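Structure in structure tokens, see below.
The values are calculated or read from the model by the stated rules, or taken from the named source; none is laboratory data. None of the values given here were measured: they were computed from a predicted structure. We place every Cβ from the backbone using ideal geometry, glycine too, and count neighbours over all the protein chains shown.
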Amino acid sequence: MIEVKNIDKYFGTNHVLKNLSASFQASKINMIIGKSGSGKTVLLKSIIGLHIPEKGEIFFDNREFISAKLNFKREIRKEIGMVFQGGALFTSLSVEENVMFPLNMFSNMSKAEKQNRVDFCLERVNIKDANKLFPSELSGGMQKRVAIARAIALNPKYLFCDEPNSGLDPQTAILIDQLIKEITTEYGITTIINTHDMNSVMEIGDNINFIFEGENIWQGNRVEIFNSDCKELNDFVFASELYKKIKHNI
Amino acid sequence: MGAVLTLQVAINFVSPLIPRYLIGLSARDTFILEFSSTMVCLILAGKVGSNIASEVGTMRITEQIDALEIMGLNSASYLILPKIVAALITFPILSLLSTILGILGGFLIALSTDVVTVYDYIHGLHYAFVPFYVTYSIIKICFFSVIITSISAFQGYYTFGGALEVGKSSTKAVVYSIIVVLLFNLILTKLLLT
Ligand SMILES: Nc1ncnc2c1ncn2[C@@H]1O[C@H](COP(=O)(O)OP(=O)(O)OP(=O)(O)O)[C@@H](O)[C@H]1O
Ligand SMILES: [Mg+2]
């Protein structure tokens, strides 16, 4: 479980996160939704320490993170898997080497075990016959999937995904959603997903946080989201005609 | 360069009072003292410096460095240390190569023209050889390789923004490397040779 308490984050005079609190549960798909520019990526990066909030506390299973020593932060980070918005694959390494990288760094598996693990992870994200290719030779969606494979290679306790299925076709997007859902419940991972894709919210969202201009103004599950009376949330969710119709039919 | 240097020195030594073997000596000392250390490192600053800065800078803006950090690695030492070690190994080798080729170039001039005889040139190469000059040269190269790689890696590592900033970092890396190399050249020469 990850708890975020009253964090504030500024970039110069730009107050991006405003006294934001949230809690994210284990074995559940925790979602952060909100408009583009509302601060989702900044929140995610603040939780893992790539941005340092000016104020507030973050607990990873009751271990305080922001004020922790760098070595302790590194220990916690070894339990984290992260899928960046742009993939962030190592461009000088092949697909296989990318997934192998965390294993080489932090596991004491034998060569054969590592290879097995890599094949297993790549199979789970439906990457076939691309082991020897380099990231520049992959499509955007394939890069995303390889990034997910790399993030789950070490069986993380915490999984962060920044828009894991943006740029994917609906079929693959659902596949990725299902995959994340499966591994989350299977291994009891605390998963946090940033998204503005309402389909995946409806598909897998267990605990949804709606961020509006840097504030967490609504929290609930995918059933409650249809019946909320929060105006900003309704504007966001029912932006499309399709969801307006769905609401009327419920 | 060795050929040009030998030619120019030979052409300019017009007085019959100056022994001709000094031509070989000046080729040797110029290469060991300055050309193979400072000049070669300035060239390498342009090539290797911009390369390192743009590579590390690209890793920064595409979040690859963040990805390393998230895995719990110390991204700076993981990326930069091997580059410094590599430079410490390759720069001296390149510099040695430059000395050999330079002196060989002068030898070819001695062989193919009559500005200096082969005997005088070789005699000059042996004449009044100071072994410490080689040590001095190696010390300088080691300093310069660390300076060039660390400045360039630093510039790349602290790139923020997009592709345009990577280009700027790469330019800054080369400019700063060259300035600091020239400055250290002066300091080290003052410390080691006087
Ligand atoms: N490194 C940074 N330096 C300065 N300002 C930043 C930085 N990163 C983000 N911001 C600002 O923070 C705000 C929130 O950005 P953020 O990337 O979190 O949006 P987002 O919700 O992830 O949007 P999207 O859905 O488009 O990815 C923006 O106004 C942005 O300008
Ligand atoms: Mg974002």
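Every residue in the range B:24-65 that is within 11 Å of chain A (Cβ to nearest Cβ) and of a type in the set (D, E, K, R), please. Please lay out each step first, then the result.
Taking the range B:24-65 and keeping what is within 11 Å of chain A (Cβ to nearest Cβ), we get B:55, B:58-65.
If the condition is that a residue be within 11 Å of chain A (Cβ to nearest Cβ) and of a type in the set (D, E, K, R), then B:E55, B:R60, B:E63 are the ones that fit.
Mind listing whichever residues of the range A:207-222 are outside any strand (DSSP E or B) and crowded, with 17+ Cβ neighbours inside 10 Å? Talk me through it step by step, then tell me what you get.
To start, the set of residues in the range A:207-222 that are outside any strand (DSSP E or B) comprises A:213-214, A:221-222.
Scanning the range A:207-222 gives A:G214, A:R222.
Same structure again: Would you check if there is a residue in the range A:162-185 being within 14 Å of another protein chain (Cβ to nearest Cβ) and either touching a residue at least 40 places away in the same chain (Cβ under 8 Å) or away from ligand 1 (no atom under 16 Å from the Cβ) (or both)?
Within the range A:162-185, one or more residues are within 14 Å of another protein chain (Cβ to nearest Cβ) and either touching a residue at least 40 places away in the same chain (Cβ under 8 Å) or away from ligand 1 (no atom under 16 Å from the Cβ) (or both).
Check B:L68, B:L17, B:L73, B:L79 and return the single one that is away from chain A (no Cβ under 14 Å) and of a type outside the set (F, W, Y).
Numbers: B:L68 fails: away from chain A (no Cβ under 14 Å); B:L73 fails: away from chain A (no Cβ under 14 Å); B:L79 fails: away from chain A (no Cβ under 14 Å).
When all the criteria are applied, what remains is B:L17.
On the given criteria, is A:V83 assigned to a strand (DSSP E or B), within 16 Å of ligand 2 (Cβ to nearest atom) and either acidic (D, E) or at pLDDT 90 or above (or both)? Step through it out loud before you land on a result.
Values: assigned to a strand (DSSP E or B): yes; within 16 Å of ligand 2 (Cβ to nearest atom): yes; either acidic (D, E) or at pLDDT 90 or above (or both): yes.
Judged against the criteria, A:V83 is a match.
Looking at the range A:88-108, which of its residues are surrounded by 14 or more Cβ atoms within 10 Å (Cβ to Cβ) and away from chain B (no Cβ under 14 Å)?
A:S94, A:V95, A:E96
Matching residues to (1) farther than 25 Å from A:R150 by Cα; (2) within 16 Å of ligand 1 (Cβ to nearest atom); (3) free of Cβ contacts under 8 Å to residues at least 40 places away in the same chain:
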residue	(1), (2), (3)
A:I2	no, no, no
A:D8	yes, yes, no
A:F11	yes, yes, yes
A:V16	yes, yes, no
A:Q25	no, no, no
A:K55	yes, no, no
A:S94	no, no, no
A:E97	no, no, yes
A:M109	no, no, yes
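Which is part of a helix (DSSP H, G or I) and closer than 24 Å to B:L193 by Cα, of B:L97, B:L104? Walk me through it before giving the result.
Numbers: B:L104 fails: closer than 24 Å to B:L193 by Cα.
When all the criteria are applied, what remains is B:L97.
Confirm whether A:E3 is under 22 Å from B:N74 (Cα atoms) and either away from chain B (no Cβ under 13 Å) or away from ligand 2 (no atom under 16 Å from the Cβ) (or both).
Values: under 22 Å from B:N74 (Cα atoms): no; either away from chain B (no Cβ under 13 Å) or away from ligand 2 (no atom under 16 Å from the Cβ) (or both): yes.
For A:E3, the condition - under 22 Å from B:N74 (Cα atoms) and either away from chain B (no Cβ under 13 Å) or away from ligand 2 (no atom under 16 Å from the Cβ) (or both) - is not met.
What's the number of the only condition in (1) buried (at least 20 other Cβ atoms within 10 Å of the Cβ); (2) more than 14 Å from chain A (Cβ to nearest Cβ); (3) not in a helix (DSSP H, G or I) that B:V115 fails to meet?
With respect to (1) buried (at least 20 other Cβ atoms within 10 Å of the Cβ); (2) more than 14 Å from chain A (Cβ to nearest Cβ); (3) not in a helix (DSSP H, G or I), B:V115 is out only on (1).
I'd like to check something: does the range A:113-124 contain any residue that is closer than 21 Å to B:L79 by Cα, away from chain B (no Cβ under 12 Å) and either part of a strand (DSSP E or B) or not charged (D, E, K, R) (or both)? Before you say what the answer is, go through the steps one by one.
Pass one, the range A:113-124, residues closer than 21 Å to B:L79 by Cα: none.
No: zero hits.
Determine whether A:N221 is more than 14 Å from chain B (Cβ to nearest Cβ), closer than 12 Å to A:N30 by Cβ and within 16 Å of ligand 2 (Cβ to nearest atom). Let's see the steps before the verdict.
Details: more than 14 Å from chain B (Cβ to nearest Cβ): yes; closer than 12 Å to A:N30 by Cβ: yes; within 16 Å of ligand 2 (Cβ to nearest atom): no.
No: the conditions fail for A:N221.
Would you list the strands (runs of 3 or more DSSP E) that sit entirely within the range A:9-69 and hold 1 or more residues that are within 14 Å of chain B (Cβ to nearest Cβ)? Outline the logic, then answer.
Working: elements: A:14-24, A:29-33, A:55-60.
Correct list: A:55-60.
Which of the following residues is in contact (Cβ under 8 Å) with a residue 12 or more places away in the chain, over 18 Å from B:I43 (Cβ atoms) and touching a Gly at 6+ places or on another chain (Cβ under 9 Å): B:I178, B:I122, B:I151? Show your work before the answer.
Numbers: B:I178 fails: over 18 Å from B:I43 (Cβ atoms); B:I151 fails: over 18 Å from B:I43 (Cβ atoms).
The unique qualifying residue is B:I122.
Another question, if that's okay. Taking the options A:L138, A:L133, name whichever one is more than 16 Å from ligand 1 (Cβ to nearest atom) and closer than 17 Å to A:S166 by Cα.
Values: A:L133 fails: closer than 17 Å to A:S166 by Cα.
When all the criteria are applied, what remains is A:L138.
Continuing with the same structure: Select from the range B:82-102 the residues that are touching a helix residue (DSSP H, G or I) at 6+ places or on another chain (Cβ under 8 Å) and within 14 Å of chain A (Cβ to nearest Cβ) and list them in ascending order.
The answer is B:K83, and nothing else.
Can you work out which of the residues in the range A:38-80 that are closer than 23 Å to A:L103 by Cβ and of a type in the set (A, V, I, L, M) is farthest from ligand 2 (Cβ to nearest atom)?
The residue in question is A:I76.
Cβ-Cβ under 6 Å, sequence separation 6+ or interchain: first residue in the range A:111-131 and surrounded by 13 or more Cβ atoms within 10 Å (Cβ to Cβ), partner assigned to a loop (DSSP other than H, G, I, E, B). Which pairs?
Note: pairs meeting the criteria are A:C121/A:A153.
Shifting gears a bit: Tell me yes or no: at least one residue of the range A:35-43 is free of Cβ contacts under 8 Å to residues at least 60 places away in the same chain, of a type outside the set (K, R) and out of contact with any Leu (no Cβ under 9 Å at 6 or more places or on another chain).
Among the residues of the range A:35-43, at least one is free of Cβ contacts under 8 Å to residues at least 60 places away in the same chain, of a type outside the set (K, R) and out of contact with any Leu (no Cβ under 9 Å at 6 or more places or on another chain), which makes the answer yes.
Which members of the range B:8-18 meet the condition of being surrounded by fewer than 18 Cβ atoms within 10 Å (Cβ to Cβ) and either touching a Gly at 6+ places or on another chain (Cβ under 7 Å) or in contact (Cβ under 8 Å) with a residue 12 or more places away in the chain (or both)?
Taking the range B:8-18 first, the residues surrounded by fewer than 18 Cβ atoms within 10 Å (Cβ to Cβ) are B:8, B:11-18.
The one that is surrounded by fewer than 18 Cβ atoms within 10 Å (Cβ to Cβ) and either touching a Gly at 6+ places or on another chain (Cβ under 7 Å) or in contact (Cβ under 8 Å) with a residue 12 or more places away in the chain (or both): B:I11.
Out of the range B:133-180, which residues are assigned to a helix (DSSP H, G or I), in contact with an Asp or Glu (Cβ under 8 Å, 6 or more places away or on another chain) and crowded, with 19+ Cβ neighbours inside 10 Å? Break it down into steps so the answer makes sense when it comes.
Applying the first criterion (assigned to a helix (DSSP H, G or I)) to the range B:133-180 yields B:133-157, B:163-180.
Keeping just the survivors that are in contact with an Asp or Glu (Cβ under 8 Å, 6 or more places away or on another chain) gives B:133, B:156.
Passing the criteria: only B:G156.
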